[in-house]
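The structure appears right after this line, and notes come after that.
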Amino acid sequence: MANLKYWVWLTTREYVWPGAVRSIVDYFGSPERAFYGTERDFEQVEGLNERMLKALLDKGTARADDILGECDRLGIRLMTCQDAEYPERLNQLPDKPMLLYIQGKRFDFDEEAAIGVVGARECTAYGRSAASRIGLELARGGALVVSGMAQGVDSMALQGALKGGGRAVSVLANGLDVFYPASSRSIQEDIAVAGMLISEYPPGTTVNGRNFPVRNRIISGLSLGVLAVECKRSSGTMLTINHALEQGREVYAVPVGLDEQCARGTNQLIRDFKARLVENAGDILR
């Protein structure tokens, strides 16, 4: 627990982003050694600015102690990038999350046929139906469905996976004790029991728009491939797909009628990025 305290301390330093945390851990070897580092020590770490240095010289651990207490109360376990169970799929990422907060079952992602399913919040009835059906089919076929918690495609895919046997993982952009959107509370609670919730943000972290694009790299990073059900050409879904392409993951897309605005992104993926056209989960599982 003492070691985890230093991980929480380091990853909650204001202005110190994940890339800087990785540089610090690479230089010092561990957060505990970084905790006892001096200003001169930190000046040797490439990429740190004055605001980061000031935050790193604050050795207070009260917040870290409070976070660990909340994790214990809520049944949240912590996983560091140095743990043996840390997924190799994430370890390969240049911007890998250094500390994860986890609730629910344990999955060995490196042995799982994990498929990310993402799409528009404001989707059509067709999109909702397709996401739910494919999520269910994937779970029944033995795949692990990975998504966010947004209303629309994400939540429908997760609901389908729960109906198909609970093979579902949701990566949140806020604390695991925060329900966003509020309408997804029941799904989030079900996944905490039957599947797995993951976040790189500690309990109590409220919704912040800048966290969502950062979160998306974890969805694609944990997955062998990512399916886009409905999305516009410029959207959070396309950001996730871009992460998947950069990470060398398979990309799939559900085609939509040409008159639908939500078709522009998914159809473009099929046309320009050679995404595999998907009509049902079998097209992915095969």
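The values are calculated or read from the model by the stated rules, or taken from the named source; none is laboratory data. Just so we're clear, the structure is a prediction, and the values are computed from it rather than from any experiment. Heads up, the Cβs are rebuilt from the backbone with ideal geometry, glycines too, and the neighbour counts pull from every protein chain shown. Please note that ligands, DNA and RNA were not included when accessible areas were found on the heavy atoms of the full protein model with its side chains. Shrake-Rupley method; radii C 1.70, N 1.55, O 1.52, S 1.80 Å.
Just a few scattered comments:
- Protein accessible area in the chain, 1.4 Å probe - carbon and sulfur %: 46 percent
- Gln44 paired with Asn242, simple spin-label distance in nm, labels 7 Å along Cα-to-beta-carbon: 3.7 nm
- Burial ranking of peptide ranges 12-23, 149-160 (average Cβ count within 10 Å, highest at the top): 149-160, 12-23
- Listed peptides 38-49, 233-244 appear in the order 233-244, 38-49 once ranked by packing, highest mean of other Cβ atoms within 10 Å at the front.
- Heavy-atom accessible area ranking, 1.4 Å probe, most first, across Glu137, Glu122, Glu112: Glu122, Glu137, Glu112
- Cβ-Cβ FRET estimate between Ala194 and Ala113, R0 fixed at 22 Å, reported to 0.05: 0.75
- Length available on full extension from Arg210 to Trp17: 0.36 nm per residue minus the Cα-Cα distance, which gives 68.3 nm.
- Accessible solvent surface per residue of the chain, calculated while the other protein chains remain in place, 1.4 angstrom probe, Å²: 46 Å²
- Residues Tyr36 and Arg233, FRET efficiency given R0 of 35 Å [Cβ-Cβ distance, rounded to 0.05]: 0.10
- Evaluated over the Cα positions of the chain, the convex hull gives a direction-averaged projected area, one quarter of its surface, of 14.4 nm².
- Net length gained if the chain between Lys274 and Lys105 were fully extended (0.36 nm per residue, minus Cα distance): 57.4 nm
- Karplus-based coupling profile of segment 167-175, in residue order and whole Hz: 7, 9, 10, 10, 9, 9, 9, 8, x, with θ = phi - 60° in 6.51 cos²θ - 1.76 cosθ + 1.60 and x standing for Gly or Pro.
- Other-chain or far-sequence residues with amide H under 5 Å of Thr12's (modelled H): none
- Percentage relative contact order, segment 1-73, counting C-alpha pairs under 8 Å, at least six apart: 41 percent
- Each of Ser184, Val214, Cys231 was placed along the dipole of segment 106-233 (beta-carbon charges, centred on the mean Cα), and the one lying farthest toward the positive end is Cys231.
- For Tyr252, the residues 5 or more places off, or on other chains, whose built amide H falls under 5 Å of its own are Val226, Leu227, Ala228, Arg276.
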